[in-house]
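As structure tokens, the structure follows; a few thoughts come after it.
Please treat every number below as a calculation from the coordinates, not as lab data. Keep in mind it's a predicted model, so treat the numbers as computed, not measured. Please note: Cβ atoms are built from the backbone with ideal geometry, for glycine as well, and neighbour counts cover all protein chains shown.
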Amino acid sequence: MTTPSSVKAIIIAAGMGNRLQPYTNDTPKAMLDFGGMTLLQRQLAAFRAFGINDFAVIRGYKKEKINYEYLRYYENTDYRNNNILNSLFYGEAELDGTVVVSYSDILFDDAVVGRLLKSDADISIVVDIDWRDYYVDRVDHPIAEAENVVFDAENNVLEIGKILTRKRDVHGEFIGMMKLSPHGAEVFKRHFHRAKALYWDKPFQRAAVFQKAYLTDMIQEMVDLGVSVYCVTIKRGWKEIDTVEDYEKALKAFEP
């Protein structure tokens, strides 16, 4: 198990959150309120519960609204035209040592962090294997948009992305959290720069152009090239806050 004091967390929080309007008209998704704490504060608390106190945030949309003094910030100056993968690399300087990378729009239990930290793999992703029920009655974010994962008997990724429409035997959903060992971080950076040089302004995996790639596109590229990516499996314990429907449902858990 990784020593938590040696781990940093990078939170990708540059997106506009269009599907959360009007709640995001004047604030980033990460700053939405949940029971008196912002989503970002709740993420930080979950990391701190396991001894992680070193944080960097990639911000873009309404960046001035994310202004906690105890965080390091990197600015995605082109957030309107890129996506999660390229957003992360505005903070490339932080991709050294042992790093946990997280989307900013997920609400997760402390235990999810603890389970991820137990992985000794160089590249690990968190995958919910009890995911389908989460999409029951979820109208604004259909199941076809889930970032699904197919993995082998050793929990290594075979296929990842929005693949449900093609492949029915998916095993889980990627929740938007990944851990890189020091070696894994170097592998990840090397593959990113190789792909960027080859695919900038060109189609890349399931993205129309490399600039619009998701993290899952980069993971799939590495898997296709023989890199092992390990799935840390969980059963629930998290929620994606992607739409007004998601937010208003999640708020009910914080009602007095």
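For 6, 104, what's the fewest-to-most ordering of other Cβ within 10 Å of each Cβ?
Ordered from fewest to most neighbouring Cβ atoms within 10 Å, 6, 104 come out as 6, 104.
I need the Debye-formula profile for the stretch 4-254: one equal scatterer per C-alpha, no solvent, reported as log10 I(q)/I(0) at q = 0.10, 0.16 1/Å, two decimals.
With one equal scatterer per Cα and no solvent, log10 I(q)/I(0) is -0.44, -1.29.
List the longest stretch of the chain that has no exposed loop site; here a site is one of the GluC sites (Glu not before Pro) assigned by DSSP to anything other than H, G, I, E or B, with at most 10 other Cβ within 10 Å.
Answer from the scan: 155-256.
Have a look at 38, 111, 182 and report the one farthest towards the positive end of the charge dipole of the stretch 4-254, computed about the Cα centre with Cβ charges (Lys/Arg +1, Asp/Glu -1).
Of the listed residues, the answer is 38.
If neighbour count is taken as other Cβ atoms inside 10 Å, put 216, 98 in order from fewest to most.
Ascending Cβ contact count within 10 Å gives the list 98, 216.
Sort 233, 243, 77 so the one with the fewest other Cβ atoms within 10 Å of its own Cβ comes first.
Fewest-to-most Cβ neighbours within 10 Å comes out as 77, 233, 243.
Where both partners of a DSSP beta bridge lie in the stretch 1-85, what percent of those bridges are antiparallel, to the nearest 5?
Restricted to the stretch 1-85, the bridges split so that about 15 percent are antiparallel.
Mean 1/r over all different Cα pairs, inverted: what Kirkwood radius does the stretch 67-119 give, in Å?
13.3 Å
At 7 Å along the Cα-to-beta-carbon direction for both residue 81 and residue 145, put a label point, then send me their distance in nm to one decimal.
Distance between the two pseudo-spin positions: 2.5 nm.
When only C-alpha pairs under 8 Å and at least 6 residues apart count, what is the relative contact order of the chain, in percent?
Across the chain, relative contact order equals 25 percent.
For n ≥ 4 DSSP H runs only, could you compute -39500 (n - 2.57) per run for the chain, divide by its residues and tell me the 222 nm figure to the nearest 500?
-6500 deg cm²/dmol
Report the trypsin sites (Lys or Arg not before Pro) located in the stretch 74-136 that are in a DSSP loop and have at most 16 other Cβ atoms inside 10 Å of their Cβ, or state none.
Those that pass, being in a loop and sparsely packed, are 80, 118.
If each residue of separation counts as 0.36 nm, what is the full-extension length gain between residue 248 and residue 41 once their alpha-carbon separation is subtracted?
Gain on stretching residue 248 to residue 41: 72.7 nm.
Counting other Cβ atoms within 10 Å, which chymotrypsin sites (Phe, Trp or Tyr not before Pro) in the stretch 41-101 have at most 15 and lie in a DSSP loop?
68, 70
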